[in-house]
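The values are calculated or read from the model by the stated rules, or taken from the named source; none is laboratory data. Here the structure is a predicted model, which is why all the values come from computation and not from measurement. Quick reminder, even Gly has a Cβ in these numbers, built from the backbone with ideal geometry, and neighbours come from all protein chains shown.
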Amino acid sequence: MTAAPAPAKKVNPNAPTLETVLEVEHFTDRLFGFSITRPPAFRFRSGEFVMIGLPGENEGDRPIMRAYSIASPSWDEKLEFYSIKVPDGPLTSRLQKIKPGDKILLSKKSVGTLVLDALTPGKRLYMFSTGTGIAPFASVMRDPETYDRYEKVILTHTCRQEAELSYGLRLTKSLREDPLVGEMVEGKLAHICSLTREEYPLKGRITTLIQSGKLFEELGVPELNPETDRVMICGSMDMINDTKALVESYGLVEGSNSKPADFVVEKSFVG
Ligand code: A2P
């Protein structure tokens, strides 16, 4: 008698893929960035997020997966992420120790609302970010379509300390110096930085800078107006709620992928 064949092991078509870490860079003791290989079949829209993670520490442990905004643009052949380090965070306490050549889990599907398609056409695009909330905008601002759709693209980044601005500042500098996109960005991209806990030319939360009119003064543009302005917001839950209320007070309406409108929000990764 022959033994019945063992049942074929079910392969989950949605299971995360194992990708290789390419580069890691530590910006401050709280912030780091890394890039990983991108599977050829992995498609996403600039501004979306994906689940990434690490296998469980012990045999049989479930992997630890968290939502991360993809910081690289959709045309790039690698995937880039920007992360906070939380000493006792279930994922980042381990993730901050990764090195080139290590393996990371990447889910197959990306999602998110900080995408150009969730907004109706407008003249100016504002991207309001705090801390690691700049990550999805690092993607959107490197996408040529952003400059096709808007006359002016405004990135604001507010952090506690100056060192936390370096990732974004380096990014816009390299964009301006890039032979391909430099010309497209010239005169269109504005990058406004402010700090809340150290001296800096521009001080204060983004909400304060909007309310006082200082932001619009810096830019030389009128206050927010639903006729002309579109907004993306990314930061902590409190930052989102406060900024959203403010944006709504100017008459802008929240949009989504299924119902594009004037502004969209998303919480940045923590933990
Ligand atoms: P502040 O220093 O006044 O708290 P965090 O690292 O806590 O996410 O903060 C990042 C930046 O976001 C800080 O500059 C912080 O300012 C600012 N921030 C925190 N909460 C809000 C809020 N409710 N509205 C606007 N900005 C905020």
Fill in: Selection from the range 81-137 of residues that are assigned to a strand (DSSP E or B), touching a Gly at 6+ places or on another chain (Cβ under 6 Å) and over 23 Å from D242 (Cβ atoms)
L105
Response to the item:
If you go through E223, E227, E198, the only one that is more than 16 Å from the ligand (Cβ to nearest atom), among the acidic types (D, E) and touching a helix residue (DSSP H, G or I) at 6+ places or on another chain (Cβ under 7 Å) is E223
Worksheet entry | Verdict on S212 being within 12 Å of the ligand (Cβ to nearest atom) and out of contact with any His (no Cβ under 6 Å at 6 or more places or on another chain) | no
Worksheet entry | Any pair with Cβ under 6 angstrom, 6 or more apart, that starts in the range 197-209 at a residue that is free of Cβ contacts under 8 Å to residues at least 60 places away in the same chain and ends at one that is more than 10 Å from the ligand (Cβ to nearest atom) | E198/E162; L209/L215
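Yes or no, residue by residue, for (1) surrounded by fewer than 20 Cβ atoms within 10 Å (Cβ to Cβ); (2) under 22 Å from S256 (Cα atoms):
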site: Y82; (1), (2): no, no
site: P87; (1), (2): yes, no
site: D102; (1), (2): yes, no
site: L106; (1), (2): no, no
site: K109; (1), (2): yes, yes
site: V115; (1), (2): no, yes
site: L119; (1), (2): no, yes
Worksheet entry | Some residue of the range 118-127 being within 16 Å of the ligand (Cβ to nearest atom), in the same structural domain as F263 (by TED's automatic domain parsing) and in contact with a Leu (Cβ under 9 Å, 6 or more places away or on another chain) | yes
Discussion item. Being of a type in the set (S, T, Y), closer than 12 Å to L114 by Cα and either surrounded by 15 or more Cβ atoms within 10 Å (Cβ to Cβ) or in contact with a helix residue (DSSP H, G or I) (Cβ under 9 Å, 6 or more places away or on another chain) (or both) is the requirement here; does S236 meet it?
Written reply: no
Worksheet item: In this structure, does V181 turn out to be surrounded by 19 or more Cβ atoms within 10 Å (Cβ to Cβ) and closer than 30 Å to R66 by Cα?
Response: no
Practice prompt. Name every residue in the range 186-195 that is more than 13 Å from the ligand (Cβ to nearest atom) and farther than 16 Å from Y126 by Cβ, in order of residue number.
Written response: E186, G187
Item to complete: Would you mention how many residues in the range 157-185 are away from the ligand (no atom under 16 Å from the Cβ) and touching a helix residue (DSSP H, G or I) at 6+ places or on another chain (Cβ under 7 Å)?
Response: 7
Worksheet, complete the sentence: Scanning the range 138-156 residue by residue, those assigned to a strand (DSSP E or B) and either within 14 Å of the ligand (Cβ to nearest atom) or not charged (D, E, K, R) (or both) turn out to be V153, I154, L155, T156
Worksheet item: Could you list, in sequence order, the residues of the range 5-30 that are out of contact with any Ser or Thr (no Cβ under 7 Å at 6 or more places or on another chain) and closer than 29 Å to E162 by Cβ?
Response: V21, V24, E25, H26, T28, D29, R30
Worksheet entry | Pairs, first farther than 24 Å from T28 by Cβ in the range 62-89, second assigned to a strand (DSSP E or B), C-beta under 7 Å, six or more apart | P63/G53; P63/L54; P63/L105; M65/M51; M65/I52; M65/G53; M65/L105
